[in-house]
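Following: one structure in structure tokens, then a few remarks.
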Ligand SMILES: [Zn+2]
């Protein structure tokens, strides 16, 4: 049976303040060609200056992924002629990248998987071509943005594994703080290498599908390419080594050009940039700047906050969600209540939205306000859910919205007692039954009072009134 073998090259833009070799702003968007200078536009005679922060970020990502850091690393020119690259070469790293080895570990269907990394190197991003109405324009704002390329070994065998790998890799990169890993803005992009071969046979000829920028596109293009190569091979054909694109709208892949080998790029050493060397102390310092990663957070959540291991895993899958939990607890909310509310309500709304950036939809101070209003009995559980939906994706104040939506419940004991007394006098036989020891009627009375009070009575107070009734009866 034919079996797919898959490897990935993941490009991740680093969120430094400036570009890799010049002082231009590294920022997504902006009017075309406004974040450019003679250096990143490739003017002859300009000299690049290496951004030290970008090197540190690349090493930080490598350390978080278990790579070895080369103590001596150099720069090379990768030559190709295309309008998105004004110099006609990309400054990259060929034989001595910053990081080698490492791995990403994750689970697929309850089974542990480990994908080995071959290397991580630092390079500059290219510009962006925009095709519009028969014309092609080029925007160099992205040209020269620092990019790490993470190359895996061919350790994956299904679309599901590739998506699980990317999910975990994205999570680790976000925790390190070196990138905002936004696929929709192109700061994380993936090329997929795929070949088919009989089980146990040597690897087949591979194709490379370039520039996939969503998990969905990755999954669909892998499924497409497995089907396509299987059909070619089963009908006696041969798979061509080629570079391909995948059209996510149409759900089909197509050949772009025959795949280049490394020698096609005529790599040669970059004469304008000094090699980078590291001492042990340099590496130690960069290691000490890695923020708390997912593993230690899971440990802290289970050991210090007493959360169940499953909850700790779910809450740390996305750093933004985990940060939200930490920040809300720091604002004085109970850990267990906060984690339950985030697990059930915040993640449900995020999933309904299909949003990858929870931090843009609710912030810690407002979430803390909702949870503490609930804890103080100012709103009930249902109202807390309604209130979260009402402020979700806005900057509205929860308290103000609760007032507007009439969600605040009454803690006025006198008012609740009046309703309570009315319910008792309307239900004499149930009262007698309750007082003779049928405690199941407690829920009935709470329900009746809630209904009569329009859902606004604090059930805690109703229960206290029932307790008092029983106590007085026993006297
Ligand atoms: Zn520039």
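Being in a helix (DSSP H, G or I) and surrounded by fewer than 20 Cβ atoms within 10 Å (Cβ to Cβ) is the filter here; which residues of segment 331-344 pass it? If the condition is that a residue be in a helix (DSSP H, G or I) and surrounded by fewer than 20 Cβ atoms within 10 Å (Cβ to Cβ), then 335, 336, 337, 340, 343, 344 are the ones that fit.
The condition of being assigned to a strand (DSSP E or B), in contact (Cβ under 8 Å) with a residue 24 or more places away in the chain and over 30 Å from residue 200 (Cα atoms) holds for only one of 87, 78, that being 78.
Screening segment 286-296 for residues that are part of a helix (DSSP H, G or I) and at pLDDT below 95 and picking the one that is nearest to residue 342 (Cα to Cα) gives 294.
Can you pull out the residues in segment 107-141 that are within 16 Å of the ligand (Cβ to nearest atom) and more than 22 Å from the chain's Cα centre (by Cα)? Listed by number, the residues that qualify are 123, 124, 126, 127, 128, 138, 139, 140, 141.
Here the condition is being outside any helix (DSSP H, G or I), loosely packed, with under 12 Cβ neighbours inside 10 Å and in the same structural domain as residue 97 (by TED's automatic domain parsing); of 253, 204, 200, 186, it holds for 200 alone.
Which of the residues that make up segment 14-30 are within 15 Å of the ligand (Cβ to nearest atom) and at pLDDT 95 or above? The answer is 16, 17, 18, 19, 20, 21, 22, 23, 24, 25, 26. Residue 81 falls short on exactly one of the conditions (1) loosely packed, with under 12 Cβ neighbours inside 10 Å; (2) modelled with pLDDT of 95 or more; (3) closer than 23 Å to residue 267 by Cα, and that condition is (2). Check whether at least one residue in segment 436-451 is in contact (Cβ under 8 Å) with a residue 40 or more places away in the chain and under 30 Å from residue 366 (Cβ atoms), and report yes or no. No. Is it true that some residue in segment 31-49 is assigned by TED's automatic domain parsing to the domain that holds residue 228, away from the ligand (no atom under 16 Å from the Cβ), more than 21 Å from residue 271 (Cβ to Cβ) and part of a loop (DSSP other than H, G, I, E, B)? So far as segment 31-49 goes, no, none of its residues is assigned by TED's automatic domain parsing to the domain that holds residue 228, away from the ligand (no atom under 16 Å from the Cβ), more than 21 Å from residue 271 (Cβ to Cβ) and part of a loop (DSSP other than H, G, I, E, B).
A Cβ distance below 8 Å, combined with a sequence gap of six or more or placement on separate chains, defines the contacts here; from segment 30-48, residues that are under 16 Å from residue 129 (Cα atoms) reach residues that are assigned to a loop (DSSP other than H, G, I, E, B) and near the ligand (Cβ under 7 Å from one of its atoms) in the pairs 35/19; 35/24; 36/24; 40/19; 40/22; 40/24; 40/144. Only a single criterion out of (1) outside any strand (DSSP E or B); (2) over 21 Å from residue 284 (Cβ atoms); (3) away from the ligand (no atom under 15 Å from the Cβ) is not satisfied by residue 104, namely (1). Of all residues in segment 50-60, at least one satisfies being in the same structural domain as residue 164 (by TED's automatic domain parsing), part of a loop (DSSP other than H, G, I, E, B) and within 16 Å of the ligand (Cβ to nearest atom).
Candidates 23, 66: the one that is under 16 Å from residue 286 (Cα atoms) and assigned to a loop (DSSP other than H, G, I, E, B) is 66. Within segment 130-183, the set of residues being at positive phi and surrounded by fewer than 19 Cβ atoms within 10 Å (Cβ to Cβ) comprises 133, 134, 177.
The values are calculated or read from the model by the stated rules, or taken from the named source; none is laboratory data. This structure is a prediction, so every number in the text was calculated from the model and none was measured. Ideal geometry is used to build each Cβ from the backbone, glycine not excepted, and the neighbour counts take in all protein chains shown.
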